[in-house]
Amino acid sequence: MVEEARRIELSAEPEAVSRIRAEIEAYGSERGMEPERLADLKTVVSEACGNVVRYAYEENAENKPLEVTITTVGRELEVSVKDEGGGIRPNVKGKTPGLGLGLPLIGALSSHFHLRSRLGGGTELVMSVPIASQ
């Protein structure tokens, strides 16, 4: 069973993360999500949205869309976090190459996720978190 999705569209600014987190928490609570799973959901969404705010757009960009969609799919909540930024690029400024701790954390807390990114064409991260422990 798939419910109608709830979509949140904001500008990728730091204050957007807490607003999205509150909306996601309300959605999960309305569906009876267990507290531990709700904490996981808020963590993965905060991490994904924070990455958009920090890395998706150039500092002087005027238009910085951030779109989050949450849907109930069976016994899981599926969340999509999309931007129209430059896509994921290698970290050439850091000491080690890689994507940092965010994706491994998302992978550990979600039942599954997938990432689509096109250089210059934006990124979408879709992740699923169970409503209840298995």
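Against the criterion of being open to solvent by less than 50 Å² (accessible area, probe 1.4 Å), over 15 Å from ARG6 (Cβ atoms) and either part of a helix (DSSP H, G or I) or at pLDDT 95 or above (or both), GLY50 qualifies. For the stretch 17-35, filtering for residues that are over 12 Å from the mean Cα position of the chain (by Cα) and assigned to a helix (DSSP H, G or I) leaves 11. Residues in the stretch 12-37 that are touching an Asp or Glu at 6+ places or on another chain (Cβ under 9 Å) and open to solvent by 60 Å² or more (accessible area, probe 1.4 Å): ARG31 alone.
When the stretch 54-72 is filtered for residues that are modelled with pLDDT of 95 or more and open to solvent by 10 Å² or more (accessible area, probe 1.4 Å), the ones remaining, listed by number, are LYS64, PRO65, GLU67, THR69, THR71. Restricting the stretch 92-106 to residues that are open to solvent by 70 Å² or more (accessible area, probe 1.4 Å) and not in a helix (DSSP H, G or I), the residue that is modelled with the highest pLDDT is LEU101. In this entry, GLU9 is excluded by the filter for residues that are surrounded by fewer than 17 Cβ atoms within 10 Å (Cβ to Cβ) and either part of a helix (DSSP H, G or I) or modelled with pLDDT under 95 (or both).
The values are calculated or read from the model by the stated rules, or taken from the named source; none is laboratory data. What you see is a predicted model, and the numbers here were worked out from it, not measured in a lab. All Cβ positions, glycine included, derive from the backbone under ideal geometry; neighbour counts span all protein chains shown. Note: areas computed on protein heavy atoms with side chains; ligands, DNA, RNA excluded. Shrake-Rupley method; radii C 1.70, N 1.55, O 1.52, S 1.80 Å.
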